[in-house]
Amino acid sequence: MDVGLLMSYAGGFAEAVRGLPDYEAAGVGNVLLPEAYTFDSVSQLGYVAARTEKAGVASSILNVYSRTPALLAMTAAGLDFVSGGRFTLGIGASGPQVVEGFHGLPYRAPVARAREVIEICRTVWRREPLAHEGRHFQVPLTPQRGGSGRAGRPLRLVNHPVRPDIPIVLAALGAKSVELAAELCEGWQPTLYLPEAAKEVFGPSLDAGRACRPAHLPALRILPDIKLCVSEDERELAEARAQVRAYLALYVGGMGARGGNFYNALVSRYGFEGPAARIEELYQAGHKAEAAAAVPDRLLDGVALVGPRSFVAERVSALRESGVTGINAAPVAGTHERRVRDMAALAELAA
């Protein structure tokens, strides 16, 4: 299994980039940068590409609402150019909290929209004239769709991309979104991934998507996001587990209104309906510490790699057996040296 480094978007970016050569030497094969309602990740990914030599560079994730499909294609081609063919386009639907709450756009038809985005990106990268007639995107825009009718003709990308087949990874949790990833994308990027429940929860969608997968695409890569801390020190592990508890409480309890939280729904599908409801109730009431304390140990241990090396080795084996082909890890140790050491340990175990 490959190992990727999920960089933080919360701060300390310049310092983190200075340390990337250490991660490359430790066996990190990919560097990923998320984007939420933060600094944009595209400008920072260009900087990451300039400061790395071998590691792949990936967006994790660019939402399919706030940029047009053609701009996503242009952006991916540009980042692939400046990285020398090392870029992977990670996309996803995000959620209404970001799309409507921050970008002011209606959160509609995420799966159908992502499908059209993928089709348009690949048309652009092949340097074909961009003519797309879809439910959500029409290029060129006709007067019937609000266009002026004066200058709409299909255009092709001026530059020649480094690669006409830039890999696309779809971040997805819902059944239809996971099916789309298995049908059309090079990779699928889940989060809060519990390997013991993966076959039951995601298996039918993966099977349905693979049944329609074009023969020219490679085998689907499964690349979950996972928090990481490898240590024998009980105090260090307690601090790491507290961080992961807070993270899980935020996602299970606070990422969306009640009834509209994808992460809460996923954890419930894993069999944690009661705890998920309790975490959401506490978090929505402003009791964040109590919500974190309500995260079950079994859930934390199932979706994170936090523990002694022997425990992490067992969990890496469970991930591999469930079909995972790569791990995108977010190390949570307190120092750069410790984070590098943890990534090196994970790279050894994954290999």
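The values are calculated or read from the model by the stated rules, or taken from the named source; none is laboratory data. These numbers were taken from a predicted model, which means no experiment stands behind them. Heads up, the Cβs are rebuilt from the backbone with ideal geometry, glycines too, and the neighbour counts pull from every protein chain shown. Just the protein is used for accessible areas: all its heavy atoms, side chains included, with ligands, DNA and RNA removed. Shrake-Rupley method; radii C 1.70, N 1.55, O 1.52, S 1.80 Å.
For this structure, a couple of remarks:
- A330 at pLDDT 95 or above, among the aliphatic types (A, V, I, L, M) and not in a helix (DSSP H, G or I): yes
- Set side by side, the residues R67, R51 differ, and just one is in contact with a Pro (Cβ under 8 Å, 6 or more places away or on another chain) and open to solvent by 10 Å² or more (accessible area, probe 1.4 Å), which is R51.
- Test set (1) of a type in the set (V, I, T); (2) part of a helix (DSSP H, G or I); (3) in contact (Cβ under 8 Å) with a residue 40 or more places away in the chain - V324 fails condition number: (2)
- Selected residue (criterion: surrounded by the fewest Cβ atoms within 10 Å (Cβ to Cβ)) from residues of the range 334-348 that are more than 21 Å from the chain's Cα centre (by Cα) and within 17 Å of F311 (Cα to Cα): E348
- Residue within the range 175-189 that is in contact (Cβ under 8 Å) with a residue 60 or more places away in the chain and surrounded by fewer than 20 Cβ atoms within 10 Å (Cβ to Cβ) present: yes
- Set A293, A318, A304, A329: member being within 24 Å of the chain's Cα centre (by Cα) and open to solvent by 10 Å² or more (accessible area, probe 1.4 Å): A318
- For the range 122-171, the tally of residues that are assigned to a loop (DSSP other than H, G, I, E, B), farther than 30 Å from G209 by Cβ and without any contact (Cβ under 8 Å) to a residue 40 or more places away in the chain stands at 14.
- Checklist (1) more than 19 Å from E196 (Cβ to Cβ); (2) open to solvent by less than 20 Å² (accessible area, probe 1.4 Å); (3) touching an Asp or Glu at 6+ places or on another chain (Cβ under 8 Å) applied to A249, failing item: (3)
- Close Cβ contacts (under 7 Å, 6 or more residues apart or on different chains) running from residues in the range 251-274 that are polar (S, T, N, Q) to residues that are not in a helix (DSSP H, G or I) comprise N261/M255.
- Single match in A257, A240 (criterion: of a type in the set (G, A, S), open to solvent by less than 20 Å² (accessible area, probe 1.4 Å) and either touching a Lys or Arg at 6+ places or on another chain (Cβ under 9 Å) or under 25 Å from P34 (Cα atoms) (or both)): A240
- Total residues in the range 81-110 satisfying the condition of being in contact with an Asp or Glu (Cβ under 8 Å, 6 or more places away or on another chain) and crowded, with 16+ Cβ neighbours inside 10 Å: the figure is 4.
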